[in-house]
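All remarks here apply to the structure that follows.
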Amino acid sequence: MDFLTIIDYVGTFAFAISGIRLASAKKFDWFGAYVVGFVTAVGGGTLRDILLGFTPFWMMQSSYLIVTGIALLCVILLGRYLIRMDNTIFIFDAIGLGLFTVVGIGKSLSAGFPIWVAVIMGTMTGAAGGVIRDILINEEPLIFRKDIYALACVFGGCIYFICTLLSIPTMGTQLLTALSVIGMRIFSAHYHWSLPTLNPQENIK
């Protein structure tokens, strides 16, 4: 099992936990929570693979279904603690975001696409699952709010590009990219960094 595959499984577990936890807060049943967790974990990668012309990755291996099942079991057994652990779930989401960005970039480059496409695919892999999750649980998608979310993935993609220019080994590049996304997500939330909102009324005199 290579390093990128390990990253993929850890990211799947992290995102599945975040999706299932939010579903449990909405009082979904076990099956509904599993569906939300699974879609959160594989939604972005599915869109990426379709756009790149591949069979969606989870259709080739049942392990992603199993990882999501383990995440559901963890929430069932530790639910009363996880519901209260907002900061911990936020960390899970940030970790999943960073790891999936790396996976998306790596898969796109391996398929022969240029770096700018890889950055877009990395962002989609990291952020699109959360968009689908939020729609399923009837919440406004996080990337449409003021939070730095998808832009953290773009930032990570830029770090990946810089690392390749500096000829940093692949594993080091992947690690630095993931950490940059995670760090950007955490620091932007802690220090309330955000983009300005688009408000046409402000331009009307």
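The values are calculated or read from the model by the stated rules, or taken from the named source; none is laboratory data. Predicted model, so just to flag it, every value in this text is computed and none were measured. Counting neighbours? That spans all protein chains shown, and the Cβs are built from the backbone with ideal geometry, glycine included.
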### Query
Which of the residues spanning region 163-178 are hydrophobic (A, V, I, L, M, F, W, C) and surrounded by 14 or more Cβ atoms within 10 Å (Cβ to Cβ)?
C163, I168, L175, L176, A178
### Query
Which residues, counting only those in region 167-197, are farther than 19 Å from A127 by Cβ and either hydroxyl-bearing (S, T, Y) or free of Cβ contacts under 8 Å to residues at least 60 places away in the same chain (or both)?
S167, I168, P169, T170, G172, T173, L175, L176, H190, Y191, H192, P196
### Message
Taking the condition of being polar (S, T, N, Q), crowded, with 24+ Cβ neighbours inside 10 Å and at pLDDT below 90, how many residues in region 15-66 meet it?
### Response
1
### Task
Being without any contact (Cβ under 8 Å) to a residue 24 or more places away in the chain and either in contact with a strand residue (DSSP E or B) (Cβ under 6 Å, 6 or more places away or on another chain) or under 17 Å from G157 (Cα atoms) (or both) narrows it down to one of V103, V117, so name that one.
V117
### Query
When both residues are 6+ apart or on different chains and their Cβ atoms are under 9 Å apart, which pairs have a first residue that lies in region 11-36 and is charged (D, E, K, R), and a second that is part of a loop (DSSP other than H, G, I, E, B)?
R21/I83; R21/M85; K26/I137; K26/N138; K26/E139
### Query
Would you pick out the residues in region 49-84 that are under 20 Å from I105 (Cα atoms) and aromatic (F, W, Y)?
F54, F57, W58, Y64
### Task
Among what's in region 136-187 and is of a type in the set (V, I, T) and under 15 Å from the mean Cα position of the chain (by Cα), pick the residue that is modelled with the lowest pLDDT.
I143
### Message
When you scan region 148-155, do you find a residue that is of a type in the set (F, W, Y), under 28 Å from I6 (Cα atoms) and loosely packed, with under 15 Cβ neighbours inside 10 Å, even just one?
### Response
no
### Task
Take L73 and decide whether it is assigned to a helix (DSSP H, G or I) and closer than 19 Å to V119 by Cα.
no
